[in-house]
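For reference, the structure is listed below as structure tokens.
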Amino acid sequence: MTAQSKIKRVFDVHAVRDDFPILVRPVHGKKLVYLDSGASAQKPRAVLDAMTEFAKTDYANVHRGVHFLSGAATDAYEESRRTVQKFLNATHEDEIIFTKGGTEAINLVSYSFLAPKIQPGDEIVLSVMEHHSNIVPWHFLRERQGAVLKWVDVRDDGSLDIEALDAAIGPKTRLVAITHMSNVLGTVTPLKEIVARAHARGVPVLADGAQGAVHEIVDVQALDVDFYALTGHKLYGPTGIGALYAKRAHLKAMRPFNGGGEMIREVSKDRITYADPPARFEAGTPPIIEAVGLGAAIDYLMTLDRDAAHAHELALYTHAREAVHGINGLRVIGDAPGKGVILSFEIEGLHAHDLATILDREGVAVRAGHHCAQVLMERFATGSTTRASFAFYNTHAEVDALIAALAKARQIFG
């Protein structure tokens with residue numbers, strides 16, 4: 001049984017909301033309706049308490065001391081690593097590298113795994129719906145080493161063209177870098193099939209799981225994915241912490257990303273040997289308190305019936321999707337079958353930032369802009385969208401508040 005299957009608590013949205021102190025905060029004299037969890041999720045009391053209690057009673061630097069507090073801190077830090085391992089169903093805890101977030105995790109793969117292999121003309125396959133975090137590191141290799149980026153389009157409904165992706169993989173392909181779930185479209189990619197097709201040609205796969213790890217049950221062994229990046233603050237944990245899962249064989253062959261303390265075995269004036277993974281990739285004092293917070297966030301998630309929580313989120317999305325259908329001039333971007341709980345849209349004649357400002361005055365927090373996905377914006381011939389992203393702590397009444405605020409904005413701007 002994996003950590004994902006341990007159900008300990010019946011899902012009740014009202015009980016869950018009580019776990020998140022910020023949700024009772026008023027905004028502009030209105031009740032807060034927080035629909036921006038896709039950007040950063042709110043934190044349950046269990047996470048806040050775990051971080052505070054650790055800082056109050058057990059904090060010290062890790063791995064470096066023989067005194068009691070250093071041992072206690074090291075135990076807590078490494079327990080969080082084991083928690084991430086179980087969450088992803090990784091085979092070994094040393095396949096989990098703590099990073100500052102999903103962005104650093106992807107950059108680590110770019111620098112440590114792929115850069116030493118890239119020759120001019122070698123190809124990296126990625127889709128047009130990638131977040132900039134899964135685009136810019138590959139542009140570095142294009143600029144510096146002559147890599148070629150091969151782009152896979154999405155269909156008009158936002159679904160990935162798997163046959164086009166398959167066709168893009170060729171003899172010069174060195175990596176497929178693909179989102180598990182689009183932060184704009186909500187599209188969930190067929191990751192297991194992508195991995196199988198790529199592996200059939202000897203090509204490794206990196207998955208950007210910043211959104212996918214939040215809403216999907218992730219089993220890296222079943223997926224057989226080579227790399228999986230996640231970030232803590234979208235998983236109801238703190239900022240400044242994330243993780244990279246990588247297959248053990250890859251990690252053992254990869255060069256260090258940063259140099260400094262902790263990541264070495266021995267240093268002399270004319271020689272250096274590096275530590276084994278994961279220490280090799282965690283130079284310097286790590287984000288200890290944040291790692292404890294990430295572990296607490298995952299533990300909190302594992303107390304919930306995630307299937308029931310996901311069903312609740314889908315019901316919210318369905319409610320919202322059906323309700324916006326009647327708003328004149330509103331275009332939804334991304335309607336792929338089986339998509340996640342992200343609703344991106346634009347309203348004719350109304351800039352996304354103006355719309356988001358009006359919604360904010362009604363207490364409704366949404367995202368507006370290009371969402372760090374300018375390639376995707378170009379694909380859908382727009383410069384920006386408004387995005388409502390749902391979490392299990394949202395309610396149907398909050399969806400109604402969104403729709404009422406949209407109607408008011410439409411009325412104001414005619």
Requested in this report: Convert 20 °C to kelvin, take the viscosity as 1.002 mPa s, use the Kirkwood radius over C-alpha pairs of the chain as Rh, and evaluate the Stokes-Einstein diffusion coefficient in µm²/s, rounded to a whole number.
Outcome: 96 µm²/s
Query raised in the report: What dipole magnitude, in Debye to the nearest 20, does the chain give about its Cα centre under +1 on Lys/Arg Cβ and -1 on Asp/Glu Cβ?
Result: 580 debye
Requested in this report: Averaging sequence separations of C-alpha pairs under 8 Å and six or more residues apart, then dividing by the length of the chain, give the relative contact order as a whole percent.
Outcome: 24 percent
Query - Cα centroid of the range 17-44 to Cα centroid of the range 294-313, whole Å - result: 17 Å
Query raised in the report: Which order do Glu193, Glu266 take by accessible area at a 1.4 Å probe, largest first?
Result: Glu266, Glu193
Requested in this report: Pairs of Cα atoms under 8 Å, at least six residues apart: use those to get the relative contact order of the range 158-224, whole percent.
Outcome: 37 percent
Query raised in the report: Which of the helices in the chain meet the span-like rule: DSSP H, Cα axial reach of 20 Å or more, Kyte-Doolittle mean at least 0.5?
Result: 288-303, 396-412
Query raised in the report: Can you give the alpha-carbon Rg of the range 216-375 over 2.2 N^0.38 Å, where N counts its residues?
Result: 1.44
Query raised in the report: How much accessible surface area, in Å² rounded to 10, belongs to the heavy atoms of Tyr59 with a 1.4 Å probe?
Result: 100 Å²
Query raised in the report: In whole percent, how big is the carbon plus sulfur part of the accessible area of the chain, probe 1.4 Å, protein atoms only?
Result: 52 percent
Query - Accessible area per residue in Å² at 1.4 Å probe, computed on the range 131-249 - result: 33 Å²
Query raised in the report: Got a sec to turn the phi values of the range 368-384 into Karplus ³J(HN,Hα) couplings, 6.51 cos²θ - 1.76 cosθ + 1.60 with θ = phi - 60°, whole Hz, x for Gly and Pro?
Result: 9, x, 9, 6, 6, 9, 5, 4, 5, 4, 4, 4, 9, 6, 9, x, 6
Query raised in the report: Can you give the accessible area of Ser159, probe radius 1.4 Å, in Å² rounded to 10?
Result: 20 Å²
**Report entry** D_trans [Stokes-Einstein, Kirkwood Rh over alpha-carbon pairs] for the range 1-142, 20 °C, 1.002 mPa s, µm² s⁻¹
**Finding:** 110 µm²/s
Query raised in the report: What does the charge dipole of the range 178-295 about its Cα centre add up to, to the nearest 20 debye, if the Cβ of each Lys and Arg holds +1 and the Cβ of each Asp and Glu holds -1?
Result: 360 debye
Query raised in the report: On the first, second and third principal axes, largest extent first, how far apart are the outermost C-alpha atoms of the range 97-221 in Å?
Result: 36, 34, 27
Query raised in the report: Given q = 0.12, 0.14, 0.27 Å⁻¹, what are the Debye log10 I(q)/I(0) values for the range 36-110, with equal point scatterers placed on the Cα positions and solvent ignored?
Result: -0.46, -0.62, -1.19
Requested in this report: Enumerate the whole-percent occupancy of each 10 Å bin, from 0 to the last occupied one, for all C-alpha pair distances of the range 312-414.
Outcome: 15, 51, 31, 2
**Report entry** At most 15 other Cβ within 10 Å, DSSP loop - GluC sites (Glu not before Pro), the range 300-394
**Finding:** Glu348
Query raised in the report: What do you reckon, how do Asp270, Asp335 stack up by accessible area (1.4 Å probe), largest on top?
Result: Asp270, Asp335
Query raised in the report: Hey, got the Cα dimensions of the range 129-197 along the principal axes, in Å, largest first?
Result: 34, 25, 20
Query raised in the report: Assigning unit charges at the beta carbon (Lys, Arg +1; Asp, Glu -1) and nothing else, what dipole magnitude in debye, to the nearest 20, does the range 3-96 show about its Cα centre?
Result: 480 debye
Report summary line: Of the candidates Cys372, Ile272, Gly383, the farthest towards the positive dipole end of the chain (Lys/Arg Cβ +1, Asp/Glu Cβ -1, centred on the Cα centre) is Ile272
Query raised in the report: Residues of the range 316-387: accessible area per residue at 1.4 Å, in Å²?
Result: 42 Å²
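The values are calculated or read from the model by the stated rules, or taken from the named source; none is laboratory data. Fair warning: this is a prediction, and the values are worked out from it, not measured in the lab. A quick note on method: Cβ atoms are made from the backbone with ideal geometry, for glycine too, and the neighbour counts reach across all protein chains shown. For the accessible areas, the whole protein counts, side chains as well, though only heavy atoms, and no ligand, DNA or RNA atoms are used. Shrake-Rupley method; radii C 1.70, N 1.55, O 1.52, S 1.80 Å.
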